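Remarks on the structure that follows.
The values are calculated or read from the model by the stated rules, or taken from the named source; none is laboratory data. Remember, it's a predicted structure, so these values are computed and weren't measured experimentally. As a convention, Cβ positions derive from the backbone with ideal geometry for all residues, glycine included, and neighbour counts pool all protein chains shown. Protein only, heavy atoms only, side chains kept; ligands, DNA and RNA dropped before computing areas. Shrake-Rupley method; radii C 1.70, N 1.55, O 1.52, S 1.80 Å.
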Amino acid sequence: MVVVGSRVEAVRWKLAIEKYIATRGYKLGTLVAFSGEVNAPDSGADGFTETGKVLNPNLNGRDILLNHAGLYETLRGMPGAAKAS
């Protein structure tokens, strides 16, 4: 997990990490999450959204939470996860 200070940084890091992965031929992917639309002219002419084809193409336009139904419950059950009171 990479946590950055802004949505623009999230776009830049996502694109950079994807490029790094591709140049080395690794068989893995990434996922980026943020709210709204990000305009990062140095990264692309159009605005970026988390459901867009550029950043998260495997979502096919679906919301991240809906696409990963059950993930939250799975993560809550992992060792060291905070328990609901």
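With a Förster radius of 30 Å applied to the C-beta separation of residue 12 and residue 58, the computed FRET efficiency comes to 0.90.
Segment residue 20..residue 42, full-extension length gain: 6.1 nm, with 0.36 nm per residue of separation and the alpha-carbon distance subtracted.
Here's the list of aspartates and glutamates a cross-link from residue 14 could span, going by alpha-carbon distance under 14 Å and ignoring same-chain residues fewer than 8 apart: 42, 50.
Given a 1.4 Å probe and the protein chains as shown, residue 7 ends up with an accessible area of around 100 Å².
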